[in-house]
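The numbers here are math on the coordinates, done by the rules we state, and not lab data. A quick note: this is a predicted structure, and the numbers were derived from the prediction, not measured. Glycine gets a Cβ as well: all are built from the backbone with ideal geometry, and neighbour counts include every protein chain shown.
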Amino acid sequence: MARITLDDVTKRFGEEGDSVVAVDDVSLEMQDGEFIVFVGPSGSGKSTLMRIVAGLETQSEGDVFIEDTVVNQLGPRARDIAMVFQNYALYPNMTVEENMSFGLKMSTDLSADEIERKVTEAAEMMGIGKLLDNKPGELSGGQQQRVALGRAIVRDPNVFLMDEPLSNLDAKLRTTMRTEINRLQNELGVTTLYVTHDQTEAMTMGDRLVVLNYGELQQVGTPLECFYRPANEFVAGFIGSPS
Ligand code: ADP
Ligand code: MG
């Protein structure tokens, strides 16, 4: 059974007669443990589609399933999904440890010891075990990004969503963090949905790519399939396939 299924999902913004179709009739299955990349130019509907999966946005038409349950009516928390965005949204006045444990304290009845254990484990995994007492302002961009990822890990979600999480980092760090995110995903085996407009990022990171343009699904396939057997001119041009 697929972890997440999108069935004829359409999202329009604005009034009838004067609306933008941000997502146009997209159907898609994401298997358990897959690393799926939504890739396409700016404005192609990547973020909107991810927000629909997250429950942050309601689709105009169609259904979202988690396993065999329709979750159209469920908010983000009930969907058991963790998100990481490009502006990491860490709390500046809290330590790293507090940033990472805050969500668990608010939303679970785990004991303080159990929370500390989970936070320490996630921090070790992200290589920030020595920074637990620091404030975000004392950390580099890359370290802050690791905290944001660590904070997502401690929640032990069924699904990770990441929307251009590396776009604020410099090129060198971006390369390092790509590897790091792939390693993490492999270790945890958690279904991951990753949004980027960067072809290289998509090609190097994804098990499968979902190529979007103007809200329409252009192709779903492995990076090699999209590269060597592009479904259309757009995919060929965007992925940079040989002609
Ligand atoms: P991407 O993430 O691929 O850059 P988005 O999903 O952000 O694309 O946007 C897809 C389209 O939907 C764009 O035309 C954008 O202007 C429009 N859009 C996104 N969010 C809103 C919104 N809240 N209100 C109106 N239009 C929106
Ligand atoms: Mg976006």
Completion exercise
Computed from every Cα-Cα pair in the chain, P(r) in 5 Å bins starting at 0 and rounded to whole percents is 1, 6, 14, 17, 18, 16, 13, 8, 5, 2, 0, 0
Practice task
Just the number, please: percent antiparallel of the DSSP beta bridges in the range 135-225, rounded to the nearest 5.
Solution key: 50 percent
Fill in the blank from the handout: So, with points 7 Å from each Cα along the Cβ direction, the SER111-ASP7 label distance in nm works out to 4.4 nm
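Select from the range 12-62 those GluC sites (Glu not before Pro) which occupy a DSSP coil region and have at most 14 other Cβ atoms within 10 Å, ordered by residue number. Can you show the working numbers first?
Working: sites: GLU15, GLU16, GLU29, GLU34, GLU57, GLU61; in loops: GLU16, GLU34, GLU57.
Answer in residue order: GLU16.
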Fill in the blank from the handout: Dipole check, the chain, charges on Cβ (K,R +1; D,E -1), about Cα centroid: among MET30, ALA78, ASN99 the Cα furthest to the positive pole belongs to ASN99
Practice task
Quick one: grab the alpha carbon gyration tensor of the range 114-170, order the square roots of its eigenvalues as a ≥ b ≥ c, and give me rounded if a/c is under 1.5, else prolate or oblate depending on whether a/b is larger than b/c.
Solution key: oblate
Completion exercise
Computed about the Cα centre, the charge dipole of the chain from +1 Lys/Arg and -1 Asp/Glu charges at the Cβ has a magnitude in debye, to the nearest 20, of 780 debye
Exercise for the section: For every helix of n ≥ 4 consecutive DSSP H residues, a contribution of -39,500 (n - 2.57) applies; sum these over the chain, divide by its total residues, and give [θ] at 222 nm rounded to the nearest 500 deg cm²/dmol. Expected result: -11000 deg cm²/dmol
Exercise for the section: Using the Kyte-Doolittle scale, find the helices of the chain whose mean hydropathy is at least -0.5 and whose Cα atoms extend 15 Å or more along the helix's long axis, counting only whole DSSP H runs. Expected result: 96-107, 141-154
Handout entry: Rough spin-label spacing in nm, given labels placed 7 Å along Cα→Cβ, for ARG77 and VAL21
Key = 3.6 nm
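Treat every Asp and Glu Cβ in the range 96-198 as -1 and every Lys and Arg Cβ as +1, leave all other atoms uncharged, and give the resulting dipole magnitude about the Cα centre to the nearest 20 debye. Walk me through the numbers before you get to the answer.
On the way: 12 positive and 17 negative charges, 57 e Å.
Value, rounded to 20: 280 debye.
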